[in-house]
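Heads up: the structure comes next, in structure tokens.
The values are calculated or read from the model by the stated rules, or taken from the named source; none is laboratory data. Computed from a predicted model, the values in this text were never measured in an experiment. Methodologically, a virtual Cβ is constructed for each residue, glycine included, from the backbone with ideal geometry; neighbour enumeration extends over all protein chains shown.
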Amino acid sequence: MRRVGFYLGLLLLLVAAAALARDLWLWLAGDEGFRLHALGNLWAALDRESLLLLQPAVERHLAVWLWEGIVFPLLQAPAVVVFAIPGLLLARLCRPRRSRRFY
């Protein structure tokens, strides 16, 4: 189980790196200054329809407070941060243990 958490953390860090690379690419290709794009903007660029279905699904099947207090603020946060923080935590907490051999 520890190994699964470690590799999931590495996967989240890889996604964060891809989001940062996308932000850097847009900055170098465009006229505007550098900015980190929100998770909601990234999701909308990939699949707008599923993003539009998220709010009614969360509010109807889970809880209204979950949408207002957790999901919506996460969608407004920078995608790099949303993926990097849990990725760092998982990779750090679930890292493989070093074998201790005493000779």
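Numbers below:
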| item | result |
| --- | --- |
| Single condition Gly9 does not satisfy, out of (1) free of Cβ contacts under 8 Å to residues at least 40 places away in the same chain; (2) in a helix (DSSP H, G or I) | (1) |
| The listed residue being surrounded by 15 or more Cβ atoms within 10 Å (Cβ to Cβ) and of a type in the set (Lys, Arg), out of Arg2, Arg22 | Arg22 |
| Condition met for Val80 (over 18 Å from Gly9 (Cβ atoms) and touching a helix residue (DSSP H, G or I) at 6+ places or on another chain (Cβ under 7 Å)) | no |
| Residue satisfying all of: in region 71-99; of a type in the set (A, V, I, L, M, F, W, C) and not in a helix (DSSP H, G or I); modelled with the highest pLDDT among these | Ala77 |
| Subset of region 1-51 (residues that are closer than 16 Å to Gln76 by Cα and among the acidic types (Asp, Glu)) | Asp23 |
| Those residues of region 37-70 which are of a type in the set (Gly, Ala, Ser), over 14 Å from the mean Cα position of the chain (by Cα) and not in a helix (DSSP H, G or I), in sequence order | Ala63 |
